[in-house]
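One structure is given here, and the rest of the page talks about it.
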Ligand code: AMP
Ligand code: ZN
């Protein structure tokens, strides 16, 4: 997708504070953290939103959730919130599916 910031981050065309990545998923620190730890788990494939996932893409979304749990375990984060914002009314500002992982301190919902 042209002009999609998360597509550009996934392709390393825009720099980000990457925590981990694999062929399908990239994890980086949110630029405006709403908790001590605020990560974004992003599929490299451009999927608009949870509300736009096609049957073939649900496994990608499952892997996004799995990756969040793995990163939390690796970082020894025992308790955290996982948030998908869906649609403008749901607080989604970037139209490329992403999962927020928030932990520590005074957690605000993104
Ligand atoms: P949402 O409101 O659910 O669409 O969340 C988008 C998130 O992306 C917000 O928490 C932003 O702070 C974050 N964000 C926007 N641009 C960047 C960027 N270039 N690098 C890291 N995080 C970003
Ligand atoms: Zn995108």
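Give the residue, chosen from 82, 99, that is surrounded by 12 or more Cβ atoms within 10 Å (Cβ to Cβ) and within 16 Å of ligand 2 (Cβ to nearest atom). Result of the check over 82, 99: 99.
In summary, residue 24 fulfils each of the numbered conditions (1) within 16 Å of ligand 2 (Cβ to nearest atom); (2) under 23 Å from residue 91 (Cβ atoms); (3) touching a strand residue (DSSP E or B) at 6+ places or on another chain (Cβ under 7 Å) with the single exception of condition (2). The set of residues in the range 84-106 being within 13 Å of ligand 1 (Cβ to nearest atom), assigned to a loop (DSSP other than H, G, I, E, B) and in contact (Cβ under 8 Å) with a residue 12 or more places away in the chain consists of 84, 85, 86, 87, 91, 92, 94, 95, 96, 97, 98.
Taking the criterion of being touching a strand residue (DSSP E or B) at 6+ places or on another chain (Cβ under 7 Å), over 19 Å from residue 86 (Cα atoms) and either within 15 Å of ligand 2 (Cβ to nearest atom) or free of Cβ contacts under 8 Å to residues at least 24 places away in the same chain (or both), the residues of the range 27-49 that qualify are 28, 29. Counting only strands (runs of 3 or more DSSP E) that sit completely within the range 1-83, zero hold 1 or more residues that are within 12 Å of ligand 1 (Cβ to nearest atom), at pLDDT 95 or above and at positive phi.
The values are calculated or read from the model by the stated rules, or taken from the named source; none is laboratory data. Just so it is clear, the model here is predicted, and its values are computed rather than measured. As a convention, Cβ positions derive from the backbone with ideal geometry for all residues, glycine included, and neighbour counts pool all protein chains shown.
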